[in-house]
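K.L.:
Before we start, here is the structure in question, set down as structure tokens.
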Amino acid sequence: MNTLIAIVGRPNVGKSTLFNRLTRSRAALVDDQPGVTRDRLYASGEWEGKGFTLVDTGGFDDSEQEPLLEGVRNQVVKAIEEADRILFMVDGRNGLMPGDETIADVLRRSRKTVFMAVNKVDGSELQPLAAEFYRLGFDRVYPVSAAHGYGLAALMDALTEDLEETQKEEAPDDLTKVVIVGRPNVGKSSLINRIVGSERLLVSELPGTTRDSIDIYFTLRGRNYVLIDTAGIRRKGKVKEKIEKFSVIKALQSLDRCHVAVVLIDASEGVTDQDAHICGYAFERGRGVILAMNKWDLVKQDPEKKKRLADTLDRQMTFLSFAPRLHVSALTGEKMKALFEKINLLHGQLFRRVDTSVVNKALTEIVGKNPPPKMGPGRLKFFYATQTGVMPPSFAIFVNRPDLVHFTYERYLLNQFRENLGMQEVPIRLRFKKK
């Protein structure tokens, strides 16, 4: 297993900037506003052929006792506990701060190997800025610039000196990618913590707690998964802060790289227009969608509320009438097994390939059962069909006049193709081509 290196430090000292540079990614959100990172963010890195796993953490701030900041501190402490070595980052421009001394005390008690990076030293003329940080008692002090790369070679040479060269681990071919999306504060992080069995993600009653999109790899009953936790997606008109806009963009980008989207809906609040919009984002991208009613433990004893919820779902989600619905509870763990059964089912349907002869037999039966209506001069004729892709399953249907395919008949074909070809619970695509 790769050596685990945790980057820790006060808020806004440049931890996420360094994380992105060392992992050659933009996985961590970066902004001048302090406190952007809150959860632990993991990514693989490599230096001179030596592999390691880097952990970005939230800023450790012990000066305030807000519940959210306390949660961030707990995440940092957990990162320190599980790390093999620590990259302690300080701000050379601001000089030694009381918060640095607090973190240094925590690190000394951890008895972990600590490397100190004095950041924002953009050239050799600024190296004296690192001198006062030796007062913290750490021998390995390196002046660096996370933004420009100055001094990083010396730091990384020391940090990886005794690591063995490793071969890059490839993601498993059978990896099922599942994104958890929804409005703010519907329980996305709580659901993932329930699934993986630990407080892996920061959970708070305050909306907007999650900002980055967090990937968590795990294996369940012999199958490999990556769960992607995302920031809550609010209506565009309500998104004011720049950092929240970036968080929403990353959440939507997560839909582009997933197979199945679990759209979490707060059953206690009911279905909103924004829930339907989020489902629409997933549907447009051809992803499998599971409508998961979270906090079911709060409504399952209320028949009136249950009926109202079902009626609203039917009305708001007509375009996803085929998508499975589940009543779950991140608090009690209700229907967690059923959730993964559905995830596996949708993954199988999304990647199903059907022989051309079977597709054509289905087309003949479907059209024979309900021929297309006559529209103006000429008549729509179907010749043959073939599957052209997966994720989502896509089919080309060759006809004499593509312009004569009415949208209602196309909807009929979509529903019948899903039913006849074993793709009942996923979106499919039909493309009509002139023969």
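K.L.:
Please verify whether the stretch 46-65 includes one or more residues that are modelled with pLDDT of 85 or more and at positive phi.
P.N.:
yes
K.L.:
Something else about it: Can you name the residue in the stretch 319-332 that is of a type in the set (S, T, N, Q) and either in a loop (DSSP other than H, G, I, E, B) or modelled with pLDDT under 90 (or both) and, of all such residues, is nearest to Arg285 (Cα to Cα)? It would help to see each step written out before you state the result.
P.N.:
Start the filter on the stretch 319-332 by keeping residues that are of a type in the set (S, T, N, Q), which leaves 321, 329, 332.
The next check asks that each one be either in a loop (DSSP other than H, G, I, E, B) or modelled with pLDDT under 90 (or both); those that pass are 321, 332.
Values: Ser321: 17, Thr332: 32 Å.
Per the stated criteria, the residue is Ser321.
K.L.:
Which of the residues belonging to the stretch 294-318 are outside any loop (DSSP other than H, G, I, E, B), touching a helix residue (DSSP H, G or I) at 6+ places or on another chain (Cβ under 7 Å) and either closer than 23 Å to Glu341 by Cα or outside the structural domain of Ala338 (by TED's automatic domain parsing) (or both)?
P.N.:
Step one: list which residues in the stretch 294-318 are outside any loop (DSSP other than H, G, I, E, B), which gives 294, 296-298, 303-316, 318.
Checking which are touching a helix residue (DSSP H, G or I) at 6+ places or on another chain (Cβ under 7 Å) leaves us with 294, 316.
Within the stretch 294-318, just Asn294 meets the criteria.
K.L.:
I would also like to ask the following. When the residues of the stretch 344-365 are filtered to those that are out of contact with any strand residue (DSSP E or B) (no Cβ under 7 Å at 6 or more places or on another chain) and of a type in the set (Ser, Thr, Tyr), which remaining residue is surrounded by the most Cβ atoms within 10 Å (Cβ to Cβ)?
P.N.:
This residue is Thr364.
K.L.:
Within the stretch 353-375, is even one residue among the aliphatic types (A, V, I, L, M), out of contact with any Phe, Trp or Tyr (no Cβ under 9 Å at 6 or more places or on another chain) and touching a residue at least 60 places away in the same chain (Cβ under 8 Å)?
P.N.:
yes
K.L.:
Can you find a residue in the stretch 103-114 that is in the same structural domain as Ala43 (by TED's automatic domain parsing), surrounded by 14 or more Cβ atoms within 10 Å (Cβ to Cβ), in a strand (DSSP E or B) and within 32 Å of the chain's Cα centre (by Cα)?
P.N.:
Yes, some residue in the stretch 103-114 is in the same structural domain as Ala43 (by TED's automatic domain parsing), surrounded by 14 or more Cβ atoms within 10 Å (Cβ to Cβ), in a strand (DSSP E or B) and within 32 Å of the chain's Cα centre (by Cα).
K.L.:
Now, a different point. Answer yes or no as to whether Gln387 is touching a helix residue (DSSP H, G or I) at 6+ places or on another chain (Cβ under 8 Å) and either over 27 Å from Ala292 (Cα atoms) or part of a strand (DSSP E or B) (or both). Full working, then the answer.
P.N.:
Details: touching a helix residue (DSSP H, G or I) at 6+ places or on another chain (Cβ under 8 Å): yes; either over 27 Å from Ala292 (Cα atoms) or part of a strand (DSSP E or B) (or both): yes.
So Gln387 fits the description; yes.
K.L.:
Further question on the same structure: Check Gly368, Gly378, Gly333 and return the single one that is out of contact with any Leu (no Cβ under 9 Å at 6 or more places or on another chain) and in the same structural domain as Val426 (by TED's automatic domain parsing).
P.N.:
Values: Gly378 fails: out of contact with any Leu (no Cβ under 9 Å at 6 or more places or on another chain); Gly333 fails: in the same structural domain as Val426 (by TED's automatic domain parsing).
Going through Gly368, Gly378, Gly333 in turn, the sole match is Gly368.
K.L.:
Closer than 22 Å to Arg140 by Cα, of a type outside the set (S, T, N, Q), modelled with pLDDT of 75 or more and under 24 Å from the mean Cα position of the chain (by Cα) - does that describe any residue in the stretch 67-76?
P.N.:
Residues of the stretch 67-76 that are closer than 22 Å to Arg140 by Cα, as a first pass: 76.
Keeping just the survivors that are of a type outside the set (S, T, N, Q) gives 76.
From what's left, modelled with pLDDT of 75 or more: 76.
When the remaining residues are screened for being under 24 Å from the mean Cα position of the chain (by Cα), the result is 76.
The answer is yes, given that some residue of the stretch 67-76 is closer than 22 Å to Arg140 by Cα, of a type outside the set (S, T, N, Q), modelled with pLDDT of 75 or more and under 24 Å from the mean Cα position of the chain (by Cα).
K.L.:
When residues of the stretch 387-412 are filtered for being within 25 Å of Ser321 (Cα to Cα) and surrounded by fewer than 18 Cβ atoms within 10 Å (Cβ to Cβ), how many remain? Break it down into steps so the answer makes sense when it comes.
P.N.:
Residues of the stretch 387-412 within 25 Å of Ser321 (Cα to Cα): 387-397, 405-412.
This time we only want the ones that are surrounded by fewer than 18 Cβ atoms within 10 Å (Cβ to Cβ), so: 388-391, 394, 396, 406-412.
Residues in the stretch 387-412 being within 25 Å of Ser321 (Cα to Cα) and surrounded by fewer than 18 Cβ atoms within 10 Å (Cβ to Cβ): 13 in total.
The values are calculated or read from the model by the stated rules, or taken from the named source; none is laboratory data. This is a predicted model, so every value here is computed, not measured. Ideal geometry is used to build each Cβ from the backbone, glycine not excepted, and the neighbour counts take in all protein chains shown.
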